[in-house]
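Asks: First the structure, which I've put down as structure tokens, then a few questions once you've had a look.
What follows is calculated from the coordinates using simple rules that are stated; it is not laboratory data. All of these numbers come straight from a predicted model, not from anything done at the bench. Cβ sites come from the backbone with ideal geometry, for glycine too, and all protein chains shown count toward neighbours.
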Amino acid sequence: MKIEDLTWKELEKSIKNNPIFILPIGSIEQHGSHSTLGTDYIIPKYLCEQIENIENVISLPAIPYGVCPYHKGFPGSFDIGYNGLFNILYKIIEKIKQDGVKKLIIINGHGGNTPAIEDVGTILSENINIVVIDWWRLAGELNPIYKGGHADKQETSAVMAIKENVVKLEFLKNQDIKNISENIKFSDSINANFKNGSVKILKNMKEIVEDGWVGNLNPKDSNVEFGKNMLNDVTNYLIDFIEEFKKVD
Ligand SMILES: [Zn+2]
């Protein structure tokens, strides 16, 4: 159930049953000329909606904004910064702990959020089990065909499965990555491969790819079926995980 539909008395009673709280965290940021600014927000929100009606699960409203300083060259990319996300998340977790919650699953939709989420979660980890699930990473582990990058076929298909009409594949641009040398090649917006290892190169995304998408799965192949199958696989994993997590005190 959604916390917003409960009274404080109902919530107080529910917390006595040691519920699992779930919290989606996203980002409003560029996803190429073809996919939407809300990509990282609507996917974890959708996944939480698939599991929030499981018995003894309570969903918190999503945090839509995230940490994306490297997208600042694109309109509509809101970076609330590490401190912004850290502070919001700290206050939310501090409060649910005060109310007696002992289990939280964060479903994250954006890699840039990871440092803040992990720091807050670790600092507040006493007397609560905080689980973080990066949905895109999990999807790639469940089936390697889903393993993708930023606004490529993986994320774009997921958006199409949730809201098909918002994706505009007709506006898709070719990926033209500006690598810093012939042999140091970006694999995403930060990581670059050199020989048999990888390094991180810190740049604003606009300097690397004019259009904004980076990935190994071309978004031109995005489709509803691929997105639905992937989101179903992730949802089924979440359902199984919740059953196991319920056994934890
Ligand atoms: Zn994304």
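Asks: Rounded to whole Å and sorted largest first, list the principal axis extents of the Cα atoms in the chain.
Replies: 60, 36, 35
Asks: I've got another one for you. Please say if the stretch 93-229 is rounded, prolate or oblate, where rounded means a/c under 1.5 for a ≥ b ≥ c the square roots of the C-alpha gyration tensor eigenvalues, and otherwise the choice is prolate for a/b larger than b/c and oblate otherwise?
Replies: Details: a/c = 2.38, a/b = 1.46, b/c = 1.64.
Cα axes put the stretch 93-229 in the oblate bin.
Asks: For the stretch 1-67, report the % of Cα-Cα distances exceeding 20 Å. Mind showing how you got there, number by number?
Replies: On the way: 822 of 2211 pairs.
Looking at the stretch 1-67, the distances longer than 20 Å represent 37 percent of pairs.
Asks: Okay, next question. For Lys97, which lysines qualify as cross-link partners when the Cα separation must be under 17 Å and same-chain residues fewer than eight apart are set aside?
Replies: Partners within reach: Lys9, Lys13, Lys16.
Asks: Give, rounded to the nearest 20 debye, the magnitude of the charge dipole that the stretch 123-249 has about its Cα centre when Lys and Arg contribute +1 at Cβ and Asp and Glu contribute -1 at Cβ. Walk me through the intermediate numbers first.
Replies: Details: 16 positive and 20 negative charges, 83 e Å.
For the stretch 123-249, the charge dipole is close to 400 debye.
Asks: Considering only C-alpha atoms, what is the centroid distance from the stretch 181-249 to the stretch 55-80, in Å?
Replies: Going from one Cα centre to the other spans 17 Å.
Asks: Of Gly121, Phe245, Asn179, which is farthest towards the positive pole of the stretch 101-249's charge dipole, taken about the Cα centre with +1 and -1 on the beta-carbons of Lys, Arg and Asp, Glu respectively?
Replies: Asn179
Asks: What is the gain in length, in nm to one decimal, between Glu170 and Ser125 on full extension, counting 0.36 nm per residue of separation less the C-alpha to C-alpha distance? Walk me through the numbers on the way to the answer.
Replies: Working: separation 45, 0.36 × 45 = 16.20 nm, distance 4.60 nm.
Extending this stretch completely gives an extra 11.6 nm.
Asks: Same structure, new question: Please state the charge dipole magnitude for the chain, taken about the Cα centre, from unit charges on C-beta atoms (+1 on K and R, -1 on D and E), reported in debye and rounded to the nearest 20.
Replies: On the way: 27 positive and 34 negative charges, 67 e Å.
Here the chain has a charge dipole of around 320 debye.
Asks: Mean residue ellipticity at 222 nm from the helices of the chain, using -39,500 (n - 2.57) per DSSP H segment of n ≥ 4 over the full residue count, to the nearest 500 deg cm²/dmol?
Replies: On the way: 8 runs with 94 residues, N = 249.
After summing the helix terms and dividing by residue count, I get -11500 deg cm²/dmol.
Asks: With only Lys, Arg, Asp and Glu charged, each at its Cβ (+1 for the first two, -1 for the last two), find how big the charge dipole of the stretch 102-181 is about the Cα centre; round to the nearest 20 debye. Intermediate results must be reported in sequence, preceding the final value.
Replies: Working: 9 positive and 10 negative charges, 30 e Å.
Approximately 140 debye in magnitude.
Asks: Using only Cα atoms and rounding to the nearest 10 degrees, what angle (0 to 90) does helix 39-51 make with the longest principal axis of the chain?
Replies: 30 degrees
Asks: Along the positive direction of the dipole of the stretch 48-194 (beta-carbon charges: Lys, Arg +1; Asp, Glu -1; about the Cα centre), which of Ser157, Ala139, Asn87 reaches farthest?
Replies: Result: Asn87, furthest along the dipole toward the positive end.
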